[in-house]
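J.: The structure is given below, and queries will be raised subsequently.
Only the coordinates and a few stated rules stand behind these numbers; no lab work does. Only a predicted model underlies this, so the values are computations on that prediction, with no experimental measurement involved. Note that we place each Cβ from the backbone using ideal geometry, even for glycine, and neighbour counts take in every protein chain shown.
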Amino acid sequence: MILKAFLDAKGFFTTLCSNGQEALNSFKMSDYDICLFDIMMPVMDGFTLAKQIKNSNPSMPIIFLTAKKEQEDILEGFRIGADDYVTKPFSMDELQARILAVHRRCAFVQSKPSVYRLGGFTFDSPRHILTKGNETKKLTSKEADLLLMLCENMGNTLERSKALLQIWEEDNYLNARSMDVYITKLRKYFKDDPDVDIQNVHGVGFKLVIK
């Protein structure tokens with residue numbers, strides 16, 4: 001009740017539930033931007049509740065707020081899909097900052113488009129599918145990841161080092177040569193469409209240009 005009073009005073013609209021089942025029922029009846037769960041709750045524990053929530057809405061942000069500090073509990077929380085894990089005792093102001101940070105991060109991810117129009121092509125990034133007319137091609141994970149980064153930086157230069165660190169996790173000679181191979185593959189897919197051009201930016205990276 002103290003936490004609810006604090007959050008309400010800070011401008012949040014909050015619902016306080018006394019057990020996990022009540023929380024699940026409330027979630028099904030209303031729209032929420034973020035969920036804050038204790039773990040040791042009666043009727044339904046926080047881990048079970050979070051799994052139920054993630055099954056119905058995988059993108060729902062969840063923060064665990066708990067006295068359980070064991071590493072295995074923390075890891076289990078993140079395996080379920082938690083966006084943050086706060087252990088007691090905690091600062092109210094820090095918790096507010098964490099709530100706002102998770103909300104901003106999740107709102108930014110959800111605001112990104114998942115389907116891109118590239119000349120005569122359509123790129124469905126979550127499904128790794130490139131389509132033109134009746135022709136559909138399933139991209140490999142690295143092809144899709146690289147094309148997505150190019151799309152997110154469309155018209156701007158995608159730095160080689162940034163792509164290498166994000167997709168290959170290390171910027172070295174072998175990974176750089178591997179990325180060049182994938183760039184060549186992507187160019188081959190678009191070769192018959194003059195409106196799609198993946199340009200070299202000498203010494204810096206690559207740029208996706210849609211004419």
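J.: Name the shape class, rounded, prolate or oblate, that the alpha-carbon gyration tensor gives for the stretch 2-111, where a ≥ b ≥ c are the square roots of its eigenvalues, rounded holds for a/c under 1.5, and otherwise prolate holds if a/b is larger than b/c and oblate otherwise.
T.: It is rounded, given that a/c, with a ≥ b ≥ c, falls under 1.5.
J.: Give me the net charge of GLY155's neighbourhood, meaning all other residues with Cβ under 12 Å from the Cβ of GLY155; Lys, Arg count +1, Asp, Glu -1.
T.: 0
J.: Still on this structure, please answer the following. With label points built 7 Å along Cα→Cβ from the Cα atoms of ASN156 and SER18, find their separation and express it in nm.
T.: Those two pseudo-labels are separated by 5.2 nm.
J.: Would you report the distance distribution of C-alpha pairs in the stretch 107-211 as whole percents per 10 angstrom bin, up to the bin with the largest distance?
T.: 14, 50, 31, 5
J.: In addition: About the Cα centre of the chain, what is the dipole size in debye to 20, counting +1 per Lys and Arg Cβ and -1 per Asp and Glu Cβ, all else neutral? Walk me through the numbers before you get to the answer.
T.: Working: 28 positive and 28 negative charges, 132 e Å.
Charge dipole of the chain: 640 debye, to the nearest 20.
J.: Sequence-distant or interchain residues sharing an amide H contact under 5 Å with GLY205, placed H: which?
T.: Amide H neighbours of GLY205: ARG160.
J.: Calculate the spin-label point distance for VAL181 paired with SER114, positioning each point 7 Å from the Cα along the beta-carbon direction, and give it in nanometres.
T.: Label at SER114, label at VAL181, 3.1 nm between them.
J.: Next question. What are the residues whose amide H is under 5 Å from the amide H of ASP193, where those residues sit 5 or more places off or on another chain and H is modelled from the backbone?
T.: none
J.: First select every other residue whose beta carbon is under 13 angstrom from the beta carbon of LEU100; then total the charges, Lys and Arg +1, Asp and Glu -1.
T.: Charge balance in the 13 Å sphere: -1.
J.: So what's the convex hull volume per residue for the Cα atoms of the chain, in Å³?
T.: Dividing the Cα hull volume of the chain by its residue count gives 171 Å³.
J.: A follow-up question, please. Return the distance in nm (one decimal) between the two label points of a simple spin-label model at MET29 and VAL201, each offset 7 Å from Cα along Cα→Cβ.
T.: 5.3 nm
J.: Using amide H atoms built in the peptide plane, which far-off residues or other-chain residues are under 5 Å from ILE62 H to H?
T.: Placed amide hydrogens put CYS35, ASP83, ASP84 under 5 Å from ILE62.
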